[in-house]
Structures are given as C-alpha cells and as structure tokens.
Amino acid sequence: MHSPRWQKLWRDLWITRGRTAMMVIAIAVSLFGIGTVLSSYAILTREISRNYLGTNPSSATLELDRVDDALVEAVRRRPGIAGVEARRSLVARVQVGPDEWRPLLLFVVPDFNGMRIATFKSVGGAWPPAEGTMLVERTALPMVEAAFGEKVVVKTPNGPRHEVLISGVVHDPGLAPAWQERMGYGYITPATLEWLGESGVLDELKIIVSDGTDDPAAIERTARELAGWLEAQGREVHEIQIPPPLKHPHQSQMVAILLMLLIFSVMALALSAILVATMIAGLMAQQIRQIGVMKAVGAQTRQISGLYVVMILLISAAAIALGAPISVSAGRGFAAAVADLLNIALYSQAIPGWVFGVQAAAGLLVPLLVALGPIARGSRITVREAIQDFGVSQERAGGRGLLGWLSGLDRTLLLALRNTFRRRGRLVLTLGLLAAGGSMFMTGLNVKDAWAQNLADSFANRRYDLEIRLSRPEKVDGLIARIGSLPGVAKVEAWGYAPTALARPGVVDVVRTYPDGGHGSFSLRAGPAETDLVSFPLLAGRWLEPGDSDAVVLNHMVYGLFPDVAVGDMISLSIDDRPSVWRVVGIVREVGSPAAAYVTDKALEQVIGLPGHARSLRIVTGESDPAGRGAVIQSIERALAEADVSVSMVIADSELRTAIGDHIAILIFSLVAMAMLMAIVGVLGLMSTMSTNVAERIREFGVMQTIGGTPNSVLRIVVSEGVLIGLLSWIIALPLSLPLSDLVGTVTGNLAFRTPLPLVVSPMALLLWLAITVAGAAAASIIPAWRASRLTIRETLAHI
C-alpha cells in the first residue's frame, strides 16, 4: 500500500474530501431508501402471511338457514373437506355518545376454546367471554370509545338496548383495523346473542378444503358440491363466500405500495450513480496532466483505470457502511407502521441476509458500471494530449452564434452563461441529474394533491351528508315526512339497498367477500331516476332514466367481478336469493365505494314485491359544521327510534372521508418522503458539479485577477452559473414530471380504487422545487466560489 499509485489514491481522496463526502452521502441516501424498502418488504411479507395463515382462515363460508352440531359432523365426513366449524356474524350498533351510534360487527362463536378455523387470540381479560359480556378486537377499542372493563350500550337489529361489559381484548389478524373501517368488532357466545334479543341459531358454515387451498376454482368447485349436497338434505344455502385464498384483505395493496417505493429508491440509486460518474469525470479532467505524467513514466491504461475503479469501490464501501445500518432501523420502523395499518403483529423483525446482499451489490456495482465510461475515456488519454491541456475545454462555448445576442448583459453574467455551456457533457449529466430528481420530487407532491382532489371530487359527486341503512325494508312515505320536518334537514330521499351477486341458474350465489363483510362486497342500490343526490362521471353509456324497468348502471369497481362487462350486456343478479336479469346501460366512476349496481327504485320494487318500501335514507342537512351535523343526526336517530324503525348503520360523509384517508395515509407519507430523498440527491449533484467546475478553473480565476478582476466578481460569476443551472434543470423537470405523475397516479389510483388518479400539477410542488433549486444552487456555489475568490494570484497560477 506504499507504492506511488496507492499513495496518490489516498492523497486524492483526502484532497477531494469534500466531493468524496458528497459521493458517499449520495450513494448512502439511495442505499438507505433501497434498504428501508427491502427490509420492510422482507419483514412484512413474512409476517403478514404468518399472522393471516396463523388464524387458519376458512377457504369458504356458506350461509345457510341454520347450522347445528349434527350438520357440522356430517359435513366433516364429506370428501374434500379438511375442516368445518359453525359461526354467525351480524351488524349491530354500539352507542358512542348521546343518540350517537357506530356500527358494531359481532362474531358469534359457539366454542372459544375449540376454535380451529378463523381463530383469534386473547391479549387480555376473560377467555371465553361470559354471558352478557363480549370480547373486543384491540383496534376496535377507540371505535367503541370504551376501555377494557367498561360497559357499552349495544343494540342488535331485532333486540332492545343492553349494557354489555367488555370482558376481554383479542387480536384478530384476519380483519383490517377497525379505525380504518370506522366500526367496532365484538366477539360473543350464542347465549349472549339470545340475551341481546336475537335468535341464537348459527347460520354460517366455515370450511377448509383438503385440496387446492390456494386455488379459487378448486375451492369454488368443492363449495358448490357441498352446497348441492346440503340442499339435497333439505337445507337452504343462501350464499357462498370465497375470499382470495390465503391472502390478507390488504396484502396486494401492501406489496404494490412497497414495489412502487422500491422503484423510486432504485431511481435514486441511478441518480447517485450518475453523480459519481460526473464527479469522477470531473476529477479525471482536473488530473489530466497527472495522468500524462504517470503515462510518461511507464503507467499503463489499465493501471490508471484500476486506480479510479478502486477509488469508486472505496467510496461505495463507505456509503454501504453508512447507509445500510440506518436502513435497518428505518425498515423496521416502517414495517411497524405498516403492520399497524394492517392489524398484524410483528413476531420477528429479523432481516434476511439477501437484503444486505442486494444492498451491497447495488452499492458497489451500479456506481461502478455507470462510471466505467468516464474512467475509460480519461485513462486512455495520451501523453501529448495531456501536455497540451490548459484546463479549458476546446469545445466551443457557444460563441456569438449561441450567446451573441446576450452581449448587452452585465459582463460577469455573460461569463457565467458562457461558462455554463463550456463543459457540455458535464452540463448534460448535471441537468439530467437535477431534472430527474426534480421531476420525481414534483411527482410525489403532484400525486399527493391528486389524491386530495380525487377525494374532493368523489364527495362532490355525492350531494348528501349521510346515509341511514335500515335493518329491514320499511314504508318510507311517513318516514320521509317525519324526518324532513326536523330542524336542520334540507332533503330526504328513500333508496333501496340489498347485497347482491352474479346469479347463475340452478346454483348458489358465490361472492368474494371477506369475513368483515366489506372487502370484496357487491350491493344493489335503487333511487329515484331523477335524483340529484348523486352525479357520477360516466365512463360509458348513460345514467338511469324514468321508465327504466330493467336498466342497470354499474360502478367501475364491478370490473373486479366482471372484467369483460360492457354497455348493452345482459347480466343476472341475485336479490334476496331471487335471480333477476338486467341490461347494462352505463358504467360510472365511483371512488370510495365497493362494487355497486344502480337501478331505479320502481324497478327494484317490482323485483322484491314491496312497493313504497326502502332500506336506506339519504339525507341532506343544512348544517356545515360537524357539531351542527352531529345534532341533526341525533334528532334523526330519536325520530326513527320513536317510529320503532331499527337502524343498521349510519354512514356520515365525515366518517367515510376519514376511512378512505386512513387506508392510504402511509402511501402519501411515503411518496413525500421519497420526494425529499430525490431532492437531496439532486442538490448533492449540483454541489458536486459546482465544486468540480471551480476546481478546474482555479488558474483561470488567477488570470482574471491579474487583469483587474475582484474576488466579488469571481463569486458572482460562480454563483450566477450555479443558479442558471438550477433554473435550467427546473424548466426541464416540469415537462418530465407530467408523464411521471400520470404514471404514478395511475398505479396508485388503480391500486386503491381501480381507477387512475387525475393528473394534477401542484403549484406548491412547482414553487417549492424552484426554491430548492435556486437556494441549493446558490448554497452549492458559494462555498467553492468563496474559497477560490480568497486565493492569491500566486496560489492560483501555481495550482496544478
């Protein structure tokens, strides 16, 4: 290590320690992003499977008229069935304030100690719950606004109000967090269900198939065969629920989000690799004469190139040592945040070795591969070319052909313009680096604003403040008059509502709904054809018209169930176990809703045979503040209770906004974090370029001083040059950010709601990146320019 070339290597690293530190930081920042995403990906994919599969989720759930022990034993002996248990679930309501209620999804379990399918674990309190008490899922405590050991008021669809003790807390990884769904989760025995005023009969049969547990077609085939056998035994099978096998409700979204963040991290690594290549090229340009001297005393091209290759590897190794350990902590923290959003426990935060292997390979190889070109060009220079180099590019700086029309500018600004275009190759790399970083920075903020606009547009399409779903169809003429007369109520419309599924002749309905009843659900909604309470953007066809008796309009979420559906198709839907045929007349975009089909209220009344009845009320209030709307909701609740109308669910737009925002909050946060990472790499690139440019022109500054130039003029030229580069990169980044924002918005929108986000150009993103580039350019230029301006004429002319 004491040979002259290795001494030169260490000397170069020391002399250029500022630029070397920038290269190390840039690579470390990008490796930090890659390591964070890969670490969290490795932890989450392992733990989400461990959590969800640890519950032994059912392959399918069959809804029957009743399920008893004898039936369970008979099904257990059926071929193709590996496990079977009886359950029940229903939506009740829990009181969270005076006349203020929230949905409570109750799971009825006959034997808590004997559970083998769709299990959950106690995390405190009683097990099993005594009669008259319930267990609550750990994420649901804030939703029921009570703590362990306290009592809450619960009302089931057919029972009176009861005070129920929360006797224990459980963790159910098979459910999304309750605060995301804006509802509570409770677990009770059949005896408690009877005590609450409902029948204690179980009506769900959860099964696990013995073959094809990960094959939806095989599961459906086994479930249909079982349904046929049950009907032959005189049982009524209402529905078969088959969620995506062995997959958590949010698993696909999680993987897609992490993949998108990984793409951003890889792009950051590519930017930092370009930065390294730019800095190495500048360093070699500065050391042309040194290279010439080395070749004059016998150095070969491969030895010189090997010297700079080792330099890059040392810089990369330092970046790995800096970025990798921090990424481990960040990855674990990010995984913990996502785990909270998914309601899973992290039993282990161990990071597999392949994550560190990928980080090391990326950190060592990507910068080296990108820098090989500049290294090869610089090390091939001949002794004659090196001796003839004067530190000034022989490329034309644009001359009067390009910049002559600017001759009227201040002389120092004109010099800054000419110097900017002197090293065109380096300028292109610098502008590309800054523009790419800027476009990705603006993309993150554009997508954030697009998400906000998407939500605002979706709620603007719903011109009502709350929807009240009733437990059963009710005659609505009197209800509309009664509620419409209440203070603060501006308008009331009656809407039909019913769960539905694609109907097939002679077979039981199959839906893709998860046990929470929300994810994967499909419903039929019926309102007046002339309603103005909804106005969804049309993707194809038309909206409903008066007189439509068999017309249906589908929202875009139905594409997940019927990917080939088109206007003009005939579809058969099951409503209350009765098939009905409808003609598709339109497809609309409806953000924030599960799959839904819209028909007129008169058409639905013909199908169900209950004219003048409805199962939901959509209400417009005259109040704009939350407190005022809360008071109106309370008065409506009292009016419905006085009319002996059982309410299933109250959906306020404020709750819906919160639920939608909570689902995607981590994605928006991650996009903004990635935007900041891009900004850091971009500014480091500009600092590198300005530092290299100043180092190359030390002798030029000395000449300027001999002919009367002042230190302030040197400072002004360099700072003006940096600001100009920053402005040029900002101009280039603007058009680059548009297709990138459109791409990321499309991926994000399809991920969340199966529809692209609108392309939004955030004024804040434009102004913020302009401020960052100008301030960053000035800061990046001032330090090297100040140092150059402080050198004496003798020091500048003696500089090599």
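For the structure I just gave you, tell me whether GLY628 is open to solvent by less than 50 Å² (accessible area, probe 1.4 Å) and either within 21 Å of ARG102 (Cβ to Cβ) or in contact with a His (Cβ under 9 Å, 6 or more places away or on another chain) (or both). Yes; evaluated as a whole, the condition is true for this residue.
State yes or no: is VAL599 touching a strand residue (DSSP E or B) at 6+ places or on another chain (Cβ under 9 Å), more than 30 Å from TRP101 (Cα to Cα) and part of a strand (DSSP E or B)?
Taking the combined requirement at face value, the residue does not satisfy it.
Quick grid of which residues meet (1) assigned to a strand (DSSP E or B); (2) over 23 Å from LYS602 (Cα atoms); (3) out of contact with any strand residue (DSSP E or B) (no Cβ under 7 Å at 6 or more places or on another chain):
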| position | (1), (2), (3) |
| --- | --- |
| ASP532 | no, no, yes |
| PHE536 | no, no, no |
| TRP543 | no, no, no |
| MET557 | no, yes, no |
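VAL237 meets the conditions (1) surrounded by fewer than 17 Cβ atoms within 10 Å (Cβ to Cβ); (2) modelled with pLDDT of 80 or more; (3) in contact with a helix residue (DSSP H, G or I) (Cβ under 7 Å, 6 or more places away or on another chain) in every case but one. The failed one is (1). Going residue by residue through segment 78-95, is there one that turns out to be under 30 Å from LEU466 (Cα atoms), in contact with an Asp or Glu (Cβ under 8 Å, 6 or more places away or on another chain) and of a type in the set (D, E, K, R)? Yes, there is a match, as at least one residue in segment 78-95 is under 30 Å from LEU466 (Cα atoms), in contact with an Asp or Glu (Cβ under 8 Å, 6 or more places away or on another chain) and of a type in the set (D, E, K, R).
Checked across segment 719-732, the condition of being of a type outside the set (A, V, I, L, M, F, W, C), modelled with pLDDT of 75 or more, outside any helix (DSSP H, G or I) and under 37 Å from the mean Cα position of the chain (by Cα) holds for no residue. Evaluate segment 46-54: report whether one residue or more is open to solvent by 10 Å² or more (accessible area, probe 1.4 Å) and touching a Gly at 6+ places or on another chain (Cβ under 7 Å). Among the residues of segment 46-54, at least one is open to solvent by 10 Å² or more (accessible area, probe 1.4 Å) and touching a Gly at 6+ places or on another chain (Cβ under 7 Å), which makes the answer yes.
Residue by residue, here is whether (1) under 27 Å from ASP653 (Cα atoms); (2) touching a residue at least 12 places away in the same chain (Cβ under 8 Å); (3) buried (at least 21 other Cβ atoms within 10 Å of the Cβ) holds:
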| site | (1), (2), (3) |
| --- | --- |
| SER574 | no, yes, yes |
| PRO579 | no, yes, no |
| GLY586 | yes, yes, no |
| VAL591 | yes, yes, yes |
| PRO594 | yes, yes, no |
| TYR598 | yes, yes, yes |
| ASP601 | yes, yes, yes |
| ILE608 | no, yes, no |
| GLY612 | yes, yes, no |
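Of the residues in segment 186-205, at least one is among the hydrophobic types (A, V, I, L, M, F, W, C), touching a Phe, Trp or Tyr at 6+ places or on another chain (Cβ under 9 Å) and in contact (Cβ under 8 Å) with a residue 60 or more places away in the chain.
Let's see how each residue does on (1) within 23 Å of PRO626 (Cα to Cα); (2) among the aliphatic types (A, V, I, L, M):
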| position | (1), (2) |
| --- | --- |
| THR443 | no, no |
| VAL447 | no, yes |
| ALA452 | yes, yes |
| ILE468 | yes, yes |
| GLU474 | no, no |
| GLY478 | no, no |
| LYS491 | yes, no |
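Of the listed requirements (1) over 25 Å from ASN454 (Cα atoms); (2) of a type outside the set (A, V, I, L, M); (3) not in a strand (DSSP E or B), PRO579 misses just one: (3). In the set (1) open to solvent by less than 40 Å² (accessible area, probe 1.4 Å); (2) touching an Asp or Glu at 6+ places or on another chain (Cβ under 7 Å), ARG289 fails one condition alone, (1). Candidates ALA140, ALA147, ALA126, ALA130: the one that is crowded, with 20+ Cβ neighbours inside 10 Å, of a type in the set (A, V, I, L, M) and either more than 25 Å from ALA631 (Cβ to Cβ) or out of contact with any strand residue (DSSP E or B) (no Cβ under 7 Å at 6 or more places or on another chain) (or both) is ALA140.
Of all residues in segment 67-106 being at pLDDT below 90 and charged (D, E, K, R), which is farthest from ILE117 (Cα to Cα)? Filtering segment 67-106 for residues that are at pLDDT below 90 and charged (D, E, K, R), the one farthest from ILE117 (Cα to Cα) comes out as ASP99.
Those strands (runs of 3 or more DSSP E) of segment 103-179 in which 3 or more residues are under 17 Å from PRO190 (Cβ atoms) and touching a residue at least 40 places away in the same chain (Cβ under 8 Å) occupy 133-137.
VAL567 meets the conditions (1) in contact with a strand residue (DSSP E or B) (Cβ under 6 Å, 6 or more places away or on another chain); (2) surrounded by fewer than 15 Cβ atoms within 10 Å (Cβ to Cβ) in every case but one. The failed one is (2).
Of all residues in segment 752-785, how many are within 18 Å of ASN454 (Cα to Cα), touching a residue at least 60 places away in the same chain (Cβ under 8 Å) and surrounded by fewer than 18 Cβ atoms within 10 Å (Cβ to Cβ)? Break it down into steps so the answer makes sense when it comes.
Of all residues in segment 752-785, those within 18 Å of ASN454 (Cα to Cα) come to 752-765.
Narrowing further to those that are touching a residue at least 60 places away in the same chain (Cβ under 8 Å): 752-755, 757-762, 764-765.
Narrowing the set further to residues that are surrounded by fewer than 18 Cβ atoms within 10 Å (Cβ to Cβ) leaves 754, 758-759, 761, 764.
Number of matching residues: 5.
The values are calculated or read from the model by the stated rules, or taken from the named source; none is laboratory data. Given the structure is predicted, the values throughout are model-derived calculations rather than measurements. A quick note on method: Cβ atoms are made from the backbone with ideal geometry, for glycine too, and the neighbour counts reach across all protein chains shown. Surface areas here come from the heavy atoms of the whole protein model, side chains and all, with no ligands, DNA or RNA. Shrake-Rupley method; radii C 1.70, N 1.55, O 1.52, S 1.80 Å.
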